[in-house]
Structures are given as C-alpha cells and as structure tokens.
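The values are calculated or read from the model by the stated rules, or taken from the named source; none is laboratory data. Since we're looking at a predicted model, the values are computed, not measured. Neighbour counts are summed over all protein chains in view; Cβ atoms, including those assigned to glycine, are modelled from backbone coordinates with ideal geometry. For accessibility, only protein heavy atoms count, side chains too; no ligands or nucleic acids. Shrake-Rupley method; radii C 1.70, N 1.55, O 1.52, S 1.80 Å.
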Amino acid sequence: MRLIVVGAGVVGAACAYEASGLGAEVVLVDAEMPGQATAAGAGIICPWTSDADDEAWYAFACAAARRYPALVAELADSGADDVSYRQVGALIIARDEEEAGRDCRLMLDRQAAAPEIGEVRAVSAAEAKALFPPLRPGSLGVWIGGAGRVDGGRLRENLVRHARGRGVALVAGRARLACRAGRVAGVEIDGQLMEADAVVAATGAWTTSFVQPAGVVVRVTPERGQIVHLRLGSADTSRWPVILPRGSGHYLLTFTGSRVVAGATRETGSGFDARVTAGGLREVLTQALAVAPGVASATHLENRVGLRLAGPDIRPLLGPVQGVAGLVVATGLGASGLTLGPLAGAVAVRTALGVDQPIDLTPFDPLR
Ligand SMILES: Cc1cc2nc3c(=O)[nH]c(=O)nc-3n(C[C@H](O)[C@H](O)[C@H](O)COP(=O)(O)OP(=O)(O)OC[C@H]3O[C@@H](n4cnc5c(N)ncnc54)[C@H](O)[C@@H]3O)c2cc1C
C-alpha cells in the first residue's frame, strides 16, 4: 500500500514516523510554506490548565501529553538527537491569593483523572522567584510538575530523520490533491501525478485549499502568532518552569543556552500574512516584561512567526473524509498542535492504513 502524507510540520512528521513502522510505502511531501506553525510554536505541553469547556478535546489533549515521554524515549533509543523535550513543570501566576487557591483546587481536581499532571501545590512568591528569577516580586503561583516543553522544529526534524532512515521518501514541492471517481488517486506535483492508495492531509493552515479538488470543505483559517526569543546573560535556564500568567494568554518559557521565549500574539483575521509586525513585537514584549521585568536586560535573538490553524471549534479536524475514499485529514490543532500533533499524526496514519487505533474520531469529523 502506498501512502502520501502532505505537509511536514509536526503532524506530517509524526505521520511519517508512525507509518514507517507499519510496513507501508510512504512519501512525505512538503512545500516549505512561509509561516509553518511548527517552526514557530512555543512548545508548551500543559493541556490541564486550559479553560476550554470541551470534553473530547480535553481527553485527546491529555492522552497526547501522556504519550510524550514514551515517544521521546523511543526516539532517544533509536539514536535521535536531544529533541529538547523536558518536564520542567509550570507555574500558573495568579493575580491574587483567592485566584491562586481556586487554581490550585481546580488542578488538584483534574489530577484525579489525569495523574500525568504531576505534583500540584501552591507556591509562595519567594519560591516562585527562586524557580524563575526574572519574575516580578510578589508573584504567587501554582506548581504543575508534569508540564513540559519541546522545541517543535527539533522534534519535527528528528521524526522526519527517523522516518527517512526507515525508508520514507521526502519530496519537496507543492502538492495538489488528485481524485478520481470518489476516491483519491494521489497528488500532482509540478503537473506530475504521484499515485497513492491513501493521502493524509497534514497541511496545517493550508488545508481548505488542499482538499478543495475533492469537492469538500474543511474549515480551517490561519491565525498568526508572533513570538520572541531572548538570551538572558549566562543564566542556567535549562530547568526553569513554564510561566502561565492568568488573564493574559501570554506566557514565558526557557530552553538551554539561557534562551527565554516570550509569546505570543493570537491574530485572528491575519490571513496568510506571515510577517513580524511592530505591533506584534510590542504586544509580546510588553506582556512579558509586565510579568517578568528581569528579562528587560536580555539580548534579543530572533522573532518567529507561524500560522496556527484554527478550525470551527477547539477540537482537531481528524479522520477520514466521508465520500472521498482514501483521504484522511489531520489538522485544526490550533494553539495546542505541538501537544496534540504526535498523537494526531499517529491516529491519522493508522486510520489511513486501516490499522486499529484507540480513539473515537466521531467528535473530530473534518467536515463538521
Ligand atoms: C507562536 C505560536 C506558538 C505556539 N505555541 C504552542 C505551544 O506552546 N504548545 C502547543 O502545543 N502548540 C503551540 N502552537 C501550535 C502549534 O505550533 C501548531 O498547532 C502545530 O505546529 C501545527 O502543526 P501542523 O503540522 O498541523 O502544521 P504546520 O506546522 O503549519 O505544517 C503544515 C505543513 O504543510 C505544508 N503544506 C501545506 N500545504 C501544502 C501543499 N499543498 N503541498 C505541500 N506541503 C504543504 C507546509 O509547508 C507546512 O510545512 C503554537 C503556534 C504558534 C504559531
């Protein structure tokens, strides 16, 4: 059986990785579109703090976060570079003691059904500052021990490298979906048909136009996210927690090499405009400095910008497309795609190849 995966962001890379272990002939196609979300994503793996009131999404997100340590260990066992995933914990920064108490109780409630949330406890302002020194003095927090972070680009590269090592072919180019008599025929690249029994559309924000030749509508719109990378002197930031301030939607996290990441804008209506803007930078830096004034002296390293893929609701658009045999969609992961992506890719590929997978895809119908 020949499978073509279109899109090599984290979802497509995870598809290729999973498929390469299932005995199919696999081709991974990518057009390197400007604004790939994976390369820009912050990489916070902490779904338990979400305010989203959607059971199907939450169950999927928890399953995806639970699976991360095993995936990373599997990659390491097969000789991957350090993909940068680490359970560094997270601190919710509350606006007052009452909010901190409420958040702590909520996280403890959620811990019962999701033990992978790890240790949950209230953290004093002094301890919060010891854990993340640039924080504004007086910041109260709630500690979530199971939270992690990963560099999406590094994870993606390692998944692709391992898939290629197991025989997956990587093709550069913009693919056009080809259909014949109610089923996929493959994809066309530069006018040449590459035949396949099944196609997975892991095409991120570009999915609506990609599936159009099949005569179906998958509702995805791009939402620009701008994010800033800084270097904070020679601080050992390798184990600093993710900072999640209540009430702003912005956040801070760190990687090795004194790298501090401040994110991010959420620009609905941006279209496919993947530029860094003055207003975007101002917003990100203003929010970051309000929470952690100690990063004011950091060196500016780079700005990244990516197009998140917003679907009609928070749930992924994931599963077979009714009426088009052989077409599976794996997109719509919004602001949580680095968390959900590896599981979404695995599920999509198993569905395309007709291999059992444990998730009920009914709530994720890509044509809803
Ligand atoms: C600023 C920012 C911060 C984020 N922070 C987090 C976070 O902290 N935690 C988290 O879990 N998630 C986060 N996300 C979300 C996450 O990055 C995305 O949801 C995820 O990376 C989406 O992956 P994807 O593979 O679906 O899409 P993408 O990474 O966008 O990949 C899609 C790929 O499809 C290719 N493509 C499209 N059309 C075609 C075609 N016709 N032919 C060939 N190739 C094609 C493109 O070139 C691209 O490489 C963040 C996103 C942004 C922008």
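Quick one: count up the residues across the stretch 74-101 that are in contact with a strand residue (DSSP E or B) (Cβ under 8 Å, 6 or more places away or on another chain) and without any contact (Cβ under 8 Å) to a residue 60 or more places away in the chain. I'd like the intermediate steps shown before the answer.
Start the filter on the stretch 74-101 by keeping residues that are in contact with a strand residue (DSSP E or B) (Cβ under 8 Å, 6 or more places away or on another chain), which leaves 84-94, 96-97, 100-101.
Okay, now just the ones that are also without any contact (Cβ under 8 Å) to a residue 60 or more places away in the chain, so 96-97, 100-101.
The qualifying residues number 4.
Would you check if V168 is among the β-branched types (V, I, T), surrounded by fewer than 19 Cβ atoms within 10 Å (Cβ to Cβ) and either more than 10 Å from the ligand (Cβ to nearest atom) or farther than 26 Å from F364 by Cβ (or both)? Write out each step before concluding.
On the way: among the β-branched types (V, I, T): yes; surrounded by fewer than 19 Cβ atoms within 10 Å (Cβ to Cβ): no; either more than 10 Å from the ligand (Cβ to nearest atom) or farther than 26 Å from F364 by Cβ (or both): yes.
Considered against the rule, which asks whether it is among the β-branched types (V, I, T), surrounded by fewer than 19 Cβ atoms within 10 Å (Cβ to Cβ) and either more than 10 Å from the ligand (Cβ to nearest atom) or farther than 26 Å from F364 by Cβ (or both), V168 comes out as no.
Of all residues in the stretch 335-367, which are away from the ligand (no atom under 14 Å from the Cβ), touching a Lys or Arg at 6+ places or on another chain (Cβ under 8 Å) and open to solvent by 50 Å² or more (accessible area, probe 1.4 Å)?
Taking the stretch 335-367 first, the residues away from the ligand (no atom under 14 Å from the Cβ) are 350-363, 365, 367.
Checking which are touching a Lys or Arg at 6+ places or on another chain (Cβ under 8 Å) leaves us with 356-357, 363.
Scanning the stretch 335-367 gives a single hit, D356.
Can you name the number of the only condition in (1) more than 15 Å from the ligand (Cβ to nearest atom); (2) surrounded by fewer than 21 Cβ atoms within 10 Å (Cβ to Cβ) that I93 fails?
Looking at each condition in turn, I93 falls short on (2).
Give me the residue from the stretch 23-73 that is of a type in the set (S, T, N, Q) and out of contact with any strand residue (DSSP E or B) (no Cβ under 7 Å at 6 or more places or on another chain) and, out of that set, surrounded by the fewest Cβ atoms within 10 Å (Cβ to Cβ). Before you say what the answer is, go through the steps one by one.
Kept after step one, since they are of a type in the set (S, T, N, Q), are these residues of the stretch 23-73: 36, 38, 49-50.
Next cut, out of contact with any strand residue (DSSP E or B) (no Cβ under 7 Å at 6 or more places or on another chain) only: 38, 50.
On the way: T38: 24, S50: 16.
So, considering only residues that are of a type in the set (S, T, N, Q) and out of contact with any strand residue (DSSP E or B) (no Cβ under 7 Å at 6 or more places or on another chain), the one surrounded by the fewest Cβ atoms within 10 Å (Cβ to Cβ) is S50.
If you check every pair at least six apart or on different chains, which have Cβ atoms under 6 Å apart with a residue in the stretch 28-43 that is more than 6 Å from the ligand (Cβ to nearest atom) first and a residue that is part of a strand (DSSP E or B) second?
Within 6 Å, the pairs are L28/V5; L28/L170; G35/G306; G35/L307.
Out of the stretch 132-166, which residues are within 18 Å of V11 (Cα to Cα) and of a type in the set (A, V, I, L, M, F, W, C)?
If the condition is that a residue be within 18 Å of V11 (Cα to Cα) and of a type in the set (A, V, I, L, M, F, W, C), then V150, L155, L159, V160, A163 are the ones that fit.
Between D190, D151, which is surrounded by fewer than 16 Cβ atoms within 10 Å (Cβ to Cβ), of a type in the set (D, E), modelled with pLDDT of 95 or more and within 13 Å of the ligand (Cβ to nearest atom)? Before you say what the answer is, go through the steps one by one.
Numbers: D151 fails: surrounded by fewer than 16 Cβ atoms within 10 Å (Cβ to Cβ).
From the options D190, D151, the qualifying one is D190.
Just to be sure before I move on: is G204 within 14 Å of the ligand (Cβ to nearest atom), in contact with a strand residue (DSSP E or B) (Cβ under 7 Å, 6 or more places away or on another chain) and in contact (Cβ under 8 Å) with a residue 24 or more places away in the chain in the structure I sent?
Values: within 14 Å of the ligand (Cβ to nearest atom): yes; in contact with a strand residue (DSSP E or B) (Cβ under 7 Å, 6 or more places away or on another chain): yes; in contact (Cβ under 8 Å) with a residue 24 or more places away in the chain: yes.
Answer is yes for this residue.
Residues that are touching a strand residue (DSSP E or B) at 6+ places or on another chain (Cβ under 8 Å), touching a residue at least 60 places away in the same chain (Cβ under 8 Å), open to solvent by 10 Å² or more (accessible area, probe 1.4 Å) and assigned to a helix (DSSP H, G or I): does the stretch 297-315 have at least one?
Filtering the stretch 297-315 for residues touching a strand residue (DSSP E or B) at 6+ places or on another chain (Cβ under 8 Å) gives 298-311.
If we keep only those that are touching a residue at least 60 places away in the same chain (Cβ under 8 Å) too, we end up with 298-311.
Remaining after also requiring open to solvent by 10 Å² or more (accessible area, probe 1.4 Å): 298-305, 308-311.
Now drop any that are not assigned to a helix (DSSP H, G or I), which leaves none.
No, because not a single residue in the stretch 297-315 is touching a strand residue (DSSP E or B) at 6+ places or on another chain (Cβ under 8 Å), touching a residue at least 60 places away in the same chain (Cβ under 8 Å), open to solvent by 10 Å² or more (accessible area, probe 1.4 Å) and assigned to a helix (DSSP H, G or I).
Go through the residues of the stretch 235-249 one by one and say whether even a single one is more than 16 Å from G148 (Cβ to Cβ) and among the hydrophobic types (A, V, I, L, M, F, W, C).
Keep residues of the stretch 235-249 that are more than 16 Å from G148 (Cβ to Cβ), which gives 235-236, 245-249.
Now restrict to residues that are among the hydrophobic types (A, V, I, L, M, F, W, C): 235.
Checked against the condition, which is being more than 16 Å from G148 (Cβ to Cβ) and among the hydrophobic types (A, V, I, L, M, F, W, C), the stretch 235-249 yields at least one hit.
Given the criterion open to solvent by less than 10 Å² (accessible area, probe 1.4 Å), within 14 Å of the ligand (Cβ to nearest atom) and either at pLDDT 95 or above or within 30 Å of L106 (Cα to Cα) (or both), identify the matching residue among P213, P241. It would help to see each step written out before you state the result.
On the way: P213 fails: open to solvent by less than 10 Å² (accessible area, probe 1.4 Å).
Exactly one of P213, P241 is open to solvent by less than 10 Å² (accessible area, probe 1.4 Å), within 14 Å of the ligand (Cβ to nearest atom) and either at pLDDT 95 or above or within 30 Å of L106 (Cα to Cα) (or both), namely P241.
Say whether the condition of being open to solvent by less than 30 Å² (accessible area, probe 1.4 Å), touching a residue at least 24 places away in the same chain (Cβ under 8 Å) and touching a helix residue (DSSP H, G or I) at 6+ places or on another chain (Cβ under 6 Å) is met by at least one residue in the stretch 262-275.
There is at least one residue in the stretch 262-275 that is open to solvent by less than 30 Å² (accessible area, probe 1.4 Å), touching a residue at least 24 places away in the same chain (Cβ under 8 Å) and touching a helix residue (DSSP H, G or I) at 6+ places or on another chain (Cβ under 6 Å).
Can you pull out the residues in the stretch 247-268 that are at pLDDT 95 or above and assigned to a loop (DSSP other than H, G, I, E, B)?
H250, T256, G257, S258, A264, T265, R266
Are any residues in the stretch 171-187 more than 10 Å from the ligand (Cβ to nearest atom) and in a strand (DSSP E or B), and if so, which ones?
Start the filter on the stretch 171-187 by keeping residues that are more than 10 Å from the ligand (Cβ to nearest atom), which leaves 178-186.
Of everything in the stretch 171-187, those that are more than 10 Å from the ligand (Cβ to nearest atom) and in a strand (DSSP E or B) turn out to be A178, C179, R180, R183, V184, A185, G186.
Counting only residues that are under 23 Å from the mean Cα position of the chain (by Cα) and not in a loop (DSSP other than H, G, I, E, B), which one in the stretch 320-334 is farthest from V217 (Cα to Cα)? I'd like the intermediate steps shown before the answer.
We begin by selecting, within the stretch 320-334, every residue under 23 Å from the mean Cα position of the chain (by Cα); these are 320-321, 327-334.
Now narrow it down to the ones that are not in a loop (DSSP other than H, G, I, E, B): 320, 327-331, 334.
On the way: P320: 13, L327: 13, V328: 13, V329: 11, A330: 14, T331: 13, G334: 18 Å.
So, considering only residues that are under 23 Å from the mean Cα position of the chain (by Cα) and not in a loop (DSSP other than H, G, I, E, B), the one farthest from V217 (Cα to Cα) is G334.
Which one of these does A172 not meet: (1) at pLDDT below 95; (2) out of contact with any Phe, Trp or Tyr (no Cβ under 9 Å at 6 or more places or on another chain)?
Exception for A172: condition (1).
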